[in-house]
Amino acid sequence: MLAGTAPAVPVSDHNRPGWKAWALLAPMVLWLILFVVVPGLILLVYSFCERDEIGGVMFTFTWENYARVFDPVYLRIFGRSVWYAALTTAICAVVGYPVAYYIARVPETLRNKLLLLVMVPFWTSFLIRTFAWITILKQEGLLNSLVKAMGAGIGPFDLLYTPTAVVIGLVYAYLPFMILPIYGSAEKLDNSLIEAAYDLGASPVRAFSSVIVPLTMPGIAAGTLLVFVPAIGMFAITDLMGGAKVPMIGNVIQNQFLLARNWPFGAALGVVFMLMFVVTYVILQRRASRSA
Amino acid sequence: MPASRPLIPSGLTLLNWFLRGWTALVFVFLYAPIAVLVVFSFNSSRLNIVWESFTFTWYERLAANTPLIRAAKNSLIVATATTILSVVIGTAGAWLLHRYRFRFSRAIQTLVAIPMVMPEILLGISLLIMFVTIGLNLGFASVIIGHVTFSFPFVLVAVQARLQGLDSSLEEAALDLGATPLKAFWLVIVPSLRPAIMAGGLMAFTLSMDELIVTVFVKSAASATLPVKVFDMARVGLNPMLNALSAIFIVATVAFVLFSEYLKKLSR
């Protein structure tokens, strides 16, 4: 299969790794095995262990941690995490799609400038961007002082530490991660297909829903992957914007490891979360890579 | 254009206006909070609700805040080590996977993608358990290991993208002229990969400087990085010093974006 691509050197020989190539690749492979695969397996082992009184781990087999994961309290938190992440993803898609589409359609010089404008928030630490919203939403924050200054006689609003604040924080953090992949597939969109739809009498809405959206589906799926998956496990934004009032699965896991010191239970939560991630990933990846 | 459908062009114009206005609004949404943050870092009011007067106080206090400066130093140490290791591992990996047909090539490629996509909290807790199991004390090494694990794949992907566009006859010429594969790599491949390596390294540095989630689990008190400290401070509430710090970070991010765009242009 490789023969004939480069006549000067026998290709099969040329591309066959010798021991030196293997030796050079070994550190990377070892790194991944040691710091990704093995820790994952240890996590799995811990999830079947018991916790002793002082927060240590006893290596005796138990299903108890998993039984506790399916306790209604934790199921509700899992459900809430998925719901908030899904809501965030949906809002990001609806808000971000027109932007991505517009950027992909404008002439190149303007396009590059607009892309730069998306890249800056994309690369700005989410922590800083979340802090920005704290200064705005806090009771003595910017929004309430603006309302007060206008003298409308309403407010002050208690916006921070509410579910709304959590969703605002998540959307603000992840919006650029939705815009960029959608832009990527909208940019490749073949104009003649849209023109054909118009010529055949489609209204802009119809052309959008039956031609443009299906063709940019890989971008939407990739964006969903970049928003939905991290949003489920995010504990920092939910912590900062929701206080302790809106705990998500990430907050619970973090608590088990850093405060409650129940590592086996935390590990079980982690394993369940990992399974959810793998299922979501496989489904979305299939959509994202399906070429239009 | 048939006369029976005069509505469509005007519908399109309307759509265009909508797109333009919507995009402008979204950019306002994206930038207004950042702008507020920067503007109020120069405000003398402690509560930063109303504008009082212009001041550099918060920047001065920031420069005098020992724990924050220490955390910033930690971040720089970690990010520098992460960048160097990520660039070495990522560049070597990208070239080897591009150049040779390894058995398990596909499996290795999948393995590389895992730390890029997996939720950071899972990487954090599994590394924490792993370090405790093997008895490695948490400190700089554990943080750097964590950061390299999710950073080097980004370098690898950036370099791989560049390799795909590379003319393989250059390397063949070097080999024909008697260079060893390693020498050909060093003298021919690396120079033409330089923009991609630099872009990847820059990305690794930024990812490391900003990382919070993995770090929270694998840090020790002495190796806490800047984001960890910022997170703790932001939990307490408003603090104009954080505005000042954020403003510095935002300026650095803008510089980073402009520089990496420049590198992208170079590698075209």
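Read-outs throughout are calculated quantities, based only on the coordinates presented, and are distinct from any laboratory measurement. If you're wondering where the values come from, they're calculated on a predicted model, not measured in any experiment. Here the Cβ is made from the backbone with ideal geometry for all residues, glycine too, and neighbour counts use every protein chain on show.
Between residue A:34 and residue B:105, what FRET efficiency follows from the Cβ-Cβ distance if R0 is 30 Å, with the result rounded to 0.05?
My answer for the efficiency is 0.90.
Can you figure out the FRET efficiency of residue B:32 with residue A:213, using R₀ = 25 Å and their beta-carbon distance, to the nearest 0.05?
Numbers: r = 29 Å, r/R0 = 1.17.
Calculated value: 0.30.
Ratio of segment B:192-268's C-alpha Rg to 2.2 N^0.38 Å, to two decimals?
So the Cα radius of gyration is 1.36 times the expected 2.2 N^0.38 Å.
How far apart, in nm, are two points set 7 Å out from the Cα along the Cα-to-Cβ line at residue B:252 and at residue B:53?
Placing both labels 7 Å beyond Cα along the Cβ direction yields 3.2 nm.
Fewest Cβ neighbours within 10 Å first, please rank A:53, A:140, A:195 accordingly.
A:53, A:195, A:140
What range in chain A is the longest one free of chymotrypsin sites (Phe, Trp or Tyr not before Pro) that are in a loop by DSSP and have at most 12 other Cβ atoms within 10 angstrom?
A:71-292
Set Lys and Arg Cβ to +1 and Asp and Glu Cβ to -1, take the dipole of segment B:65-266 about its Cα centre, and tell me which of B:193, B:102, B:126 lies farthest positive.
Positive-end residue among those listed: B:126.
Modelling each spin label as a point 7 Å along the Cα-to-Cβ direction, I'd like the residue A:200/residue A:278 distance in nm, to one decimal.
Here the modelled spin labels are 4.2 nm apart.
Which ³J(HN,Hα) values in Hz, rounded to whole numbers, follow from the phi angles of segment B:134-147 under the Karplus curve 6.51 cos²θ - 1.76 cosθ + 1.60, where θ = phi - 60° and Gly and Pro get x?
8, x, 7, 5, 5, x, 5, 4, 5, 5, 5, 4, x, 5
Just to be sure I understand the model, the point goes 7 Å from the Cα along the line to the Cβ. What's the resulting residue A:109 to residue B:12 distance in nm?
2.4 nm
Would any residue of segment A:19-56 have its amide N under 14 Å from a label point 7 Å out along Cα→Cβ of residue A:261? List them or say none.
Under cut-off, by backbone N: A:51-56.
Sorting check: for B:187-199, B:97-109, which peptide has the highest mean count of neighbouring beta carbons within 10 Å, and how do the rest follow? Mind dumping the intermediate values first?
On the way: B:187-199: 17.8, B:97-109: 15.2.
Averaged packing, sorted descending, gives the order B:187-199, B:97-109.
Residue by residue through B:111-118, how many Cβ atoms from other chains fall within 10 Å of the Cβ on average?
If you average over the peptide's residues, the count of other-chain Cβ atoms is 5.
If the reach is capped at under 23 angstrom between alpha carbons, list the lysines near residue A:20, excluding any in the same chain fewer than eight residues apart.
Cα-Cα hits under 23 Å: B:183.
Using Cα-Cα distances under 8 Å and only pairs 6 or more residues apart, what relative contact order does segment B:65-266 have, in percent?
35 percent
Output the DSSP H helices from chain A with an along-axis C-alpha extent of no less than 15 Å and a mean Kyte-Doolittle hydropathy no less than 1.6.
In chain A, the long hydrophobic H runs are A:126-137, A:217-233.
Per-residue HN-Hα couplings for segment B:167-175, Karplus 6.51 cos²θ - 1.76 cosθ + 1.60 at θ = phi - 60°, whole Hz, x for Gly and Pro?
So the Karplus estimates, Gly and Pro as x, are 6, 6, 5, 4, 5, 4, 4, 4, 5 Hz.
Roughly how many whole Å is it from the C-alpha centroid of segment B:213-268 to that of segment A:29-91?
Using only Cα atoms, the two centres lie 29 Å from each other.
Count, for each residue of B:28-34, the Cβ atoms from other chains sitting within 10 Å of its Cβ, then give me the mean as a whole number.
The per-residue average across the peptide is 6.
Looking at chain A, which longest stretch skips every one of the trypsin sites (Lys or Arg not before Pro) that is in a DSSP loop with at most 15 other Cβ atoms within 10 Å, leaving the sites themselves out?
Result, exposed sites excluded: A:1-187.
Express the relative contact order of segment B:194-264 as a whole percentage, based on alpha carbon pairs under 8 Å and six or more residues apart in sequence. The partial results should precede the final answer.
Values: 25 pairs, mean separation 33.0, N = 71.
Reported relative contact order: 46 percent.
How big is the protein assembly as shown on each of its three principal axes, counting only the C-alpha atoms and giving the largest first in Å?
84, 82, 51
Taking the dipole about the Cα centre of the protein assembly as shown, with the C-beta of Lys and Arg at +1 and of Asp and Glu at -1, give me whichever of A:265, A:42, B:151 is farthest to the positive side.
Farthest along the dipole direction, towards plus: B:151.
State to the nearest 20 debye the size of the charge dipole of segment B:211-268 about its Cα centre, where the only charges are +1 on K and R beta carbons and -1 on D and E beta carbons.
The calculation lands at about 180 debye.
To make sure I understand the rule: partners must be lysines, Cα under 23 Å from the Cα of residue A:188, and not fewer than 8 residues away in the same chain. Which ones qualify?
List returned: A:113, B:264, B:265.
How big is D, in µm² s⁻¹, for chain B by Stokes-Einstein at 37 °C and 0.692 mPa s if Rh is the Kirkwood radius over C-alpha pairs? Please list the in-between numbers first.
Values: Rh = 22.1 Å.
Translational D for this selection: 149 µm²/s.
With +1 on each Lys and Arg Cβ and -1 on each Asp and Glu Cβ, how big is the dipole of segment A:121-192 about its Cα centre, in debye rounded to the nearest 20? Mind dumping the intermediate values first?
Details: 4 positive and 4 negative charges, 30 e Å.
Computed about the Cα centre, the dipole is about 140 debye.
Looking at A:256, A:107, A:234, which one has the Cα that reaches farthest to the positive end of the dipole of chain A (charges on Cβ: Lys, Arg +1; Asp, Glu -1)?
Selected residue: A:107.
Using every alpha carbon pair in segment B:25-114, what percent of pairs falls into each 5 Å bin from 0 up to the bin containing the largest distance?
The calculated distribution, bin by bin, is 3, 11, 11, 10, 10, 11, 10, 9, 9, 8, 5, 3, 1, 0.
So for chain A, Kirkwood radius off the Cα pairs, Stokes-Einstein at 25 °C and 0.890 mPa s: how many µm² s⁻¹?
The calculation lands on 107 µm²/s.
Can you compute the FRET efficiency between residue B:161 and residue A:45 using 1/(1 + (r/R0)^6), with r the Cβ-Cβ distance and R0 = 30 Å? Round to the nearest 0.05.
E(calc), rounded to 0.05, equals 0.20.
Just how far, in whole angstrom, is segment A:245-292 from segment B:22-94 if you go by their alpha carbon centroids?
Between the Cα centre of segment B:22-94 and that of segment A:245-292, the gap is 29 Å.
Whose amide H sits under 5 Å from the amide H of residue A:57, counting only residues 5 or more places off or on another chain, with H placed in the peptide plane?
A:52
Determine which lysines satisfy two conditions relative to residue A:138: a Cα distance under 26 Å, and not lying fewer than 8 residues away in the same chain.
List returned: A:148, A:245, B:229.
With +1 on each Lys and Arg Cβ and -1 on each Asp and Glu Cβ, and nothing else charged, work out how big the dipole of segment B:54-175 is about its Cα centre, in Debye to the nearest 20. Please report the intermediate quantities before stating the final value.
Working: 8 positive and 5 negative charges, 39 e Å.
The calculated dipole for segment B:54-175 is roughly 180 debye.
Give the average, rounded to an integer, of partner chain Cβ atoms located within 10 angstrom of each Cβ in B:96-102.
5
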